[in-house]
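See structure below.
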Amino acid sequence: MVSPYGVGLSALEDGMMAGRCCLTPAADLYPGFRGTVAQAAALQPLAAGPHYSRTDRLAMLAARDAVGDLAGSSLLRKSGIVMASTVAGLSEIDPEIAKGPAEWYRHGGLARAASYSVSRVAASVAEHLEIQGPACAVSVACASGAMAIALAANMLLDDAAPMMLAGGSDALCPFTLSGFNSLQALDAEPCRPFDQNRKGLNIGEGAAALLLETLDHAMRRGAPILAVLRGWAMSNDASHPTAPHKDGAGLAACIGSALRMAACSVDEVGYVNAHGTGTPLNDIAETHAYENAFAQRQRPIPVSSTKSYFGHCLGAAGALEAAITILALRNGALFPTLRLSDPIASERVDWLHGELRREPLPVVMSVSAGFGGSNAALVFAEMRP
Amino acid sequence: MKTLVLTGIGSVTPFGPLAGLIAAEYPQPSAITAWATPGLRRAFQVPQFRPADVVPGVKTRRLDRLSAWALVAASLALRDAGIDIGQIDRSRVAVLFATGFGCVELTEAFFQSAANNGWAGTDPITFPETLGNAPAAHVALFHQLRGPNLTIASKSFAAESALLQAASLLRHGQADMAIVLAGDTLTQAVYEWYETAHLLAPACFSPDPIASTDGFVPSEGVVAMVLENSGREPSRPYAALGAGRWASGGDVQAGVNELLGGCPPDFTFCSGNGAPCAYNSVTCSARAVVGKGAAIVPAQPVATGVGEAGALLHLLLALSKRPGPGQALMLGTSAHGGYAALRLEIF
């Protein structure tokens, strides 16, 4: 795990449990940019070798952290990788390329541009950890990280590899900051997901990698089991190129599919880690999705957006938030949305805000969505003896 | 294991926009005119056409060419499969798109707007269309397909990976049908990267025929295939998709032999997309796996030039020129030691 809190799951856990916000003015990093961002820890320089993008390096660091003592083992070598990214090597390319690509390549751009393809993120992790199983990358905008986990789970069911490393990585870069700024989707101040006065999102960066294996396999090798992935689903709104379906219909259907796979009732879910970007359109559509998907629940569904802690990490968001959802499960911690003072009115949603709430959580859910109408939902449950 | 069949094909390639198999002779590289070049530069290029002339009602004016081609190819594949889109459960149709570079044309345009106007003056209409998943999203939007929608990249084996992931979704009941697409576009920045890296064949710089050993000729296009559970009536499947595997390293021969399980294929076709100069190395790998006397169809330059997303064009060409029905192996190898292998029953 690499987050603005540092490297490792425990750094993420400590930061989240303390409710620490990592958002800082964008101009500190990128002079001239308005807005608020969160940067991951400074990365150590690499020894000479192939050029790795910042996204690659975040991914390699997160993957190394996830595999721990398995690094170098024959079991890991046979394993597979699904990594998500949207930025990939865009962070290494500057606008000078547009004036004359050949000239830019001749002046040092050739190796930098070689890191452009999203596939490089998975390939870099494979090279770094000497993994020889199937390796691919997923780029489905902001739902990418969750979808990487879903695809990796499918691959385990297919017996494509004994273990799958799944996650996402994205670095901060001017291209994406500028893009979201051009769409007027950024909040200049720290974001306020699900608040009536929300104004947009903040961009963050980071990487998360989760090691997945079948329960039998994990138990046979005596692995520590952090959580059980009981259900997953993916869907598309097919409604608009960038905006979500206004009623959240696609997302609600996705949540329903994931719960059916998990064989969970709506009442069993104790917490939903929402996509919750803080943009006006996303958050209201998402609210409708929860109202519809959990309509049969006896109590309002507890929901929060942890993007209020360190922003929207784009292709890494779904994987980082899956990890946060697992931390919620393990700690019985219902993380509040920071700065949520005037929530969207809803009788069916229990907006978590203010103090951290603690209660046993047998089943939790992480939800992601993205440009292009894509949705993903992951259901995690505690490991029962 | 469920039987999965390929029932429809659509393509936008240097052969032009087509539904079904390709009957035409293989094209020759043509001179690049889309940007100023320092002398003759050649590539396999998609001929210009109006998407709305091929798919009535499709609007592509603000889209990256990759998105436009994906829309056309997917529509042609559905038409070829004889699918009445209004008669199927569109929440059960997945879209999987494999690409090496994604929407690089509009990404370059976005960089151009940043170069001209600074990062504060970039174009809001362009930005969402630069995202890698834009082509798959437009296919879903145009046809109202609400199943899983994925864009996949894999060093050397993006198309094979998408095909296997689509099969996985169908086998696990997460969709009933999938449109699998693979492709890339050729732009100035892509072409000049290859040239600066000294990866291009001499045939890129002269009207000479392509020699198979030195460099490659870049190509472009998108191929779409409809993959579904067998049994829909009426359908006219081209092939059934069997087991497959891909790996980023390890022993190619051992891995493929394990996949074949002692049943050698009637013919093997090489997808050869692993490395631009790999026409021969993949053929050598195929020969090592299936034996010297076996029927091996070498990788075709027009498909190899598409790079990581070229395997669907290789498959389309193999289906189009197949020696006859039988068991087939599609094999790709990478210069970095990986491989992808899929078993197919060709009808």
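Coordinate-derived values only; no laboratory data. On a predicted model such as this, the values are computed, not experimentally measured, just so you know. Virtual Cβ from ideal backbone geometry, glycine too; neighbours counted across all protein chains shown.
The calculated FRET efficiency for B:Asn229 paired with B:Glu258, based on their beta-carbon distance and R0 = 30 Å, is about 0.70. Over all pairs of different C-alpha atoms in chain A, the reciprocal of the mean inverse distance, the Kirkwood hydrodynamic radius, equals 20.6 Å. Projecting the Cα positions of A:Ser368, A:Ser239, A:His288 onto the charge dipole of the stretch A:228-381 (unit charges on Cβ atoms of Lys, Arg, Asp and Glu, taken about the Cα centre) puts A:Ser368 furthest along the positive direction. Quick check on the stretch A:228-381: take the gyration tensor over C-alpha atoms, sort the square-rooted eigenvalues as a ≥ b ≥ c, and tell me if it's rounded (a/c under 1.5), prolate or oblate. Rounded, since a/c falls under 1.5. Test of understanding: in a Gaussian network model of chain A with alpha carbons linked when under 10 Å, which of A:Arg220, A:Arg120, A:Arg358 would top the mean-square fluctuation ranking? Top of the fluctuation ranking is A:Arg220. For the stretch B:278-329, just say rounded, prolate or oblate: build the C-alpha gyration tensor, square-root its eigenvalues into a ≥ b ≥ c, call rounded for a/c under 1.5, and beyond that prolate if a/b exceeds b/c, oblate if not. Judged from the Cα gyration tensor, the stretch B:278-329 comes out oblate (a/c at least 1.5, b/c at or above a/b). Each Cα pair of the stretch B:242-346 feeds into the Kirkwood radius, which the Stokes-Einstein equation turns, at 25 °C and 0.890 mPa s, into a diffusion coefficient of 186 µm²/s.
What are the semi-axes of the equivalent ellipsoid of the stretch A:2-220, taken as the square roots of 5 times the eigenvalues of the Cα gyration tensor, listed largest first and rounded to whole Å?
After diagonalising the Cα gyration tensor, the semi-axes are 30, 23, 15 Å.
In this rough spin-label picture, where each label sits 7 Å from Cα along the Cβ direction, the A:Ala71-B:Ala52 distance is 5.7 nm.
Which residues in the stretch A:299-314 have a backbone N closer than 14 Å to a point placed 7 Å from the Cα of A:Val266 along the Cα-to-Cβ line? Within reach of a label on A:Val266: A:299-302. Check the straight Cα-Cα distances from A:Lys78 and name the lysines below 28 Å, setting aside those fewer than 8 residues away within the same chain. Excluding near neighbours in sequence, the set is B:Lys2, B:Lys155. The simple Förster model, with R0 at 22 Å and r as the Cβ-Cβ distance, assigns A:His240 and B:Asp89 a FRET efficiency of 0.55. Compactness of chain B, taken as the C-alpha radius of gyration over 2.2 N^0.38 Å, stands at 0.95.
By the Cα gyration tensor, the protein assembly as shown has an equivalent ellipsoid whose semi-axes, rounded to whole angstrom, run 39, 28, 25 from largest to smallest. Across peptide A:179-186, the average count of Cβ atoms from other chains found within 10 Å of a residue's Cβ is 5. Comparing B:Phe49, B:Phe97, B:Phe110 in a Gaussian network model of chain B, where Cα atoms under 10 Å apart are tied by springs, the biggest mean-square fluctuation is seen for B:Phe49.
Students often get this wrong: which residues of the stretch A:105-130 have the backbone nitrogen under 19 Å from the point 7 angstrom along Cα-to-C-beta of B:Ala197? Residues A:105-128 qualify, since their backbone N sits under 19 Å from the label point. Across peptide A:153-163, the mean count of Cβ atoms from other chains lying within 10 Å of each residue's own Cβ comes to 3.
Working from Cα pairs under 8 Å separated by at least six residues, relative contact order for the stretch B:94-152 is 53 percent. Temperature 20 °C, viscosity 1.002 mPa s: under these conditions the Stokes-Einstein estimate for the stretch A:30-154, based on its Kirkwood radius over C-alpha pairs, is 134 µm² per second.
Taking B:Ala311, B:Ala120, B:Ala77 in turn, the Gaussian network model of chain B (Cα-Cα springs below 10 Å) assigns the largest fluctuation to B:Ala120.
Counting only Cα atoms, the stretch A:146-295 measures 51, 39, 27 Å along its principal axes, largest extent leading. Centroid-to-centroid, using Cα positions, the stretch B:202-256 and the stretch A:1-69 are 38 Å apart.
Summary of packing: across the peptides A:100-111, B:322-333, A:157-168, the per-residue average of other C-beta atoms within 10 Å ranks them, highest first, as A:157-168, B:322-333, A:100-111. Label sites at A:Asn331 and A:Ala111, each approximated as a point 7 angstrom past Cα along Cα to Cβ, lie 4.0 nm apart.
Here's the list of lysines a cross-link from A:Lys307 could span, going by alpha-carbon distance under 26 Å and ignoring same-chain residues fewer than 8 apart: A:Lys199, A:Lys246.
For chain A, averaging the sequence separation of C-alpha pairs within contact (under 8 Å, six or more residues apart) and dividing by the residue count gives a relative contact order of 21 percent.
Short-range pairs are left out: with C-alpha atoms under 8 Å and at least six residues apart, the relative contact order of the stretch A:228-381 is 37 percent.
Placing dummy labels 7 Å off each Cα toward the beta-carbon, the span from A:Asp94 to A:Gln184 is 3.1 nm.
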